[in-house]
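These notes concern the structure reproduced below.
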Amino acid sequence: MNDASRFRDAGEDKRTAHEVPDTPQTRAPAYTLAFADEDFLCRDELRPVRLQLELLKPELLMEEHGIRSTVVLFGGARIPEPAKKDTARTQTLAELSAFYDEARSFARLMTERSLASGGTEDVIVTGGGPGVMEAGNRGAADAGGHSIGLNIVLPHEQAPNEYVTPDLCFNFHYFAIRKMHFLMRARAIAVFPGGFGTLDELFESLTLIQTGRMQKVPFLLFGKSFWETIINWEALKEAGTISPEDIDLFKFVDSAEEAIAAIDGWEGAGEKRGEIPGR
């Protein structure tokens, strides 16, 4: 029995239910305890419960591990480490492999700083996959620290990368809840070159800050030439679809050291916009 409750523990009842006599009644799906019935939990009508569970499970486990704040790394799964750049599908991907090392170095430096203050602040969190995500978790492991991986079930997805701390490796069904966990504890966001997924995470995070739904945090785009090639930021500003002040919500950096300096000198971190410029 749970010491905090006068009632029987749910886990104890679940074990007891497995030991009941085998009869047509006990074999019927209706007899299975509701919270232990996977088929029942997967019904369409139980979607609100599943959403709540996906929010709660990582939240509770991160609290138990003392995770207070995180540094988020977004970036492409297809970017190889430099030693394997000859396997890249394109020459551009091979050249972008340099950012694998920068992500690894950045994560190592941030983890070293985190460990120096107890290891509960500025913990690296990635999507838990290959490429830049692997580099982030690997850098944290290089420093002897832990890191978080937020995987999501995809038809082609492989196992999480080997550098994620096993007790902090989570798997999601809902993209929306996964995105919440990326940002709920974020103290800084670092975005490396990537594709649709990275762009989605980049713009959703920036939109939350732009609209005052989220505090300003250091927001770093690694690889100025890459980002200026694929996104015409000045055209957006000149068109008036974003304001000139929105360009100041992020900074371009090209190295781990430059990123650390930008974080240390960031102005306005922790503030929320009270109004949207240009509206």
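Here is how the numbers come out for the structure above:
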quantity: Residues of the range 1-59 satisfying the condition of being in a loop (DSSP other than H, G, I, E, B), over 29 Å from residue 125 (Cα atoms) and of a type in the set (A, V, I, L, M, F, W, C); calculated: 1, 4, 7, 20, 28, 33
quantity: Selected residue [in contact with a strand residue (DSSP E or B) (Cβ under 7 Å, 6 or more places away or on another chain) and touching a residue at least 24 places away in the same chain (Cβ under 8 Å)] from 144, 136, 119; calculated: 136
quantity: Options 258, 245, 234, 228; residue that is in contact with a Leu (Cβ under 9 Å, 6 or more places away or on another chain) and among the acidic types (Asp, Glu); calculated: 258
quantity: Residues satisfying the stated conditions in the range 71-108, i.e. assigned to a loop (DSSP other than H, G, I, E, B), free of Cβ contacts under 8 Å to residues at least 40 places away in the same chain and not hydrophobic (A, V, I, L, M, F, W, C); calculated: 89, 90, 97
quantity: Residue that is surrounded by the most Cβ atoms within 10 Å (Cβ to Cβ), among those in the range 232-255 that are among the hydrophobic types (A, V, I, L, M, F, W, C) and without any contact (Cβ under 8 Å) to a residue 12 or more places away in the chain; calculated: 236
quantity: Restricting the range 256-279 to residues that are surrounded by 15 or more Cβ atoms within 10 Å (Cβ to Cβ) and part of a loop (DSSP other than H, G, I, E, B), the residue that is modelled with the highest pLDDT; calculated: 266
quantity: Leading residue by the ranking (nearest to the chain's Cα centre (by Cα)) among those in the range 109-135 that are more than 26 Å from residue 153 (Cβ to Cβ) and outside any helix (DSSP H, G or I); calculated: 122
quantity: Flag if residue 175 is within 25 Å of residue 213 (Cβ to Cβ) and of a type in the set (Phe, Trp, Tyr); calculated: yes
quantity: Residues (touching a helix residue (DSSP H, G or I) at 6+ places or on another chain (Cβ under 6 Å) and hydrophobic (A, V, I, L, M, F, W, C)) located in the range 52-87; calculated: 55, 71, 72, 73, 74, 79
quantity: Residue pairs meeting the criteria (Cβ under 7 Å; at least 6 apart or on separate chains; first at pLDDT 75 or above and of a type in the set (Asp, Glu), in the range 1-12; second assigned to a loop (DSSP other than H, G, I, E, B) and surrounded by 11 or more Cβ atoms within 10 Å (Cβ to Cβ)); calculated: 9/2
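Here's the yes/no breakdown for (1) at pLDDT 95 or above; (2) assigned by TED's automatic domain parsing to the domain that holds residue 55; (3) buried (at least 21 other Cβ atoms within 10 Å of the Cβ); (4) not acidic (Asp, Glu):
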| residue | (1), (2), (3), (4) |
| --- | --- |
| 147 | yes, no, yes, yes |
| 154 | no, no, no, yes |
| 163 | yes, no, yes, yes |
| 171 | yes, no, no, yes |
| 182 | yes, no, yes, yes |
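The values are calculated or read from the model by the stated rules, or taken from the named source; none is laboratory data. Computed from a prediction, not measured in an experiment: that's the story for all the values here. Note that each Cβ is placed from the backbone with ideal geometry, even for glycine, and that neighbours are counted across all protein chains shown.
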